[in-house]
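Structure, as structure tokens:
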Amino acid sequence: MGLLDRMQARRRYRTMARRLAKLDRLERKGDASTRIVTPWPVRRCWLKNTAMVVVSCLATAAVLVLLGVASFGWAGLAGDSYPVLPSDAAATRILPPVTDAPTGAHAFMITTADGRPVTYDPCRPIHYVVNPTGMPRDGIELVRSAIREISAATGLAFVEEGITSEPLTKVRTPRQPQRYGDRWAPVLIGWVDATIFSSVSGDIAGVGGSTAVAPEGPGSERYVSGQVALSQDWFTAAVARPGGEANARAVVMHELGHLVGLAHVHDPSEVMAESNSGLTKLGPGDRQGLAAVGSGRCHTDT
Ligand SMILES: [Zn+2]
């Protein structure tokens, strides 16, 4: 990125900061008509009691932050909120795109006005941290294994930054300069109980989703950070069952599927089905959808 590009990017940030400050003021004044918010459907999946091991989840802690206005679940951005281009952003995608995926049922969390799925930027790695509090046996390796699978199916690169003490919270800001420096906060993965996430209890094994920003307005949406909150109780019980690790891994893959932009489907042969009856491997629709969300655009404006 040249000096001129950086100056232009800075100018855009300042313009955006002014607009955000204006939005903040209008919001405080209660002028909701100026808010640009995309409503976010909350999709549940639930447990069916069968003889098989069944997993369940609540999809969508995901949120669209469009022009800095949060719609649900994540803190909005304020002020000069867009970080500079990260040093590990490449000019071309880091891993090759997945071009040989089979076809099947899949759906996207959100799409742009022209119908493209909103995605992470394939020209930079998705950084993630893990909070090990309450994790099940071999929890870190469980996450790594699921990440490897999703990375291979999307062609998106992931970078494990290690463990963090950042607690999982229902509202997480995608920028935390004091903790992570001048960049988008890494994806946070960890285990929670119902006292932290009331939605993660009983049959609900986890929630997952990402925050999108649109620095250049509609059409420029992209995911910049996210969170996967997994149930302590469910995972502890799952890995204690014979063969339960594969089911636990599938739940992490499902939540990572939400993280990178996939929504639920009704086809029970897909990991992204609302209710999983013991499926442990990605289905053809999962693979088609993951290949699609791994083939998004690269960005140089933030
Ligand atoms: Zn789900």
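The table for this structure:
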item: Cβ pairs under 7 Å, 6+ apart, first in segment 131-157 and without any contact (Cβ under 8 Å) to a residue 24 or more places away in the chain, second surrounded by 22 or more Cβ atoms within 10 Å (Cβ to Cβ); result: 140/130
item: Test: residue 283 is crowded, with 24+ Cβ neighbours inside 10 Å and either closer than 29 Å to residue 122 by Cα or under 17 Å from the mean Cα position of the chain (by Cα) (or both); result: no
item: Filter pass, residue 273 being surrounded by fewer than 24 Cβ atoms within 10 Å (Cβ to Cβ), closer than 20 Å to residue 102 by Cα, among the hydrophobic types (A, V, I, L, M, F, W, C) and modelled with pLDDT under 95; result: yes
item: Unique match (being polar (S, T, N, Q) and either more than 30 Å from residue 166 (Cα to Cα) or within 16 Å of the ligand (Cβ to nearest atom) (or both)) among 280, 300, 211; result: 280
item: Enumeration of residues in segment 154-180 that are closer than 19 Å to residue 212 by Cα and surrounded by fewer than 15 Cβ atoms within 10 Å (Cβ to Cβ); result: 171, 177
item: Filtered residues of segment 198-216 (kept if under 29 Å from residue 112 (Cβ atoms) and open to solvent by less than 30 Å² (accessible area, probe 1.4 Å)); result: 206, 207, 208, 209, 210, 211, 212, 213, 214, 215
item: Of residues in segment 255-264 being touching a helix residue (DSSP H, G or I) at 6+ places or on another chain (Cβ under 6 Å) and within 11 Å of the ligand (Cβ to nearest atom), the one nearest to residue 238 (Cα to Cα); result: 256
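The values are calculated or read from the model by the stated rules, or taken from the named source; none is laboratory data. Everything numeric here is computed off the predicted structure, so don't read it as measured data. Because the Cβ atoms are built from the backbone with ideal geometry, glycine has one as well, and the counts that use them run over all protein chains shown. For the accessible areas, the whole protein counts, side chains as well, though only heavy atoms, and no ligand, DNA or RNA atoms are used. Shrake-Rupley method; radii C 1.70, N 1.55, O 1.52, S 1.80 Å.
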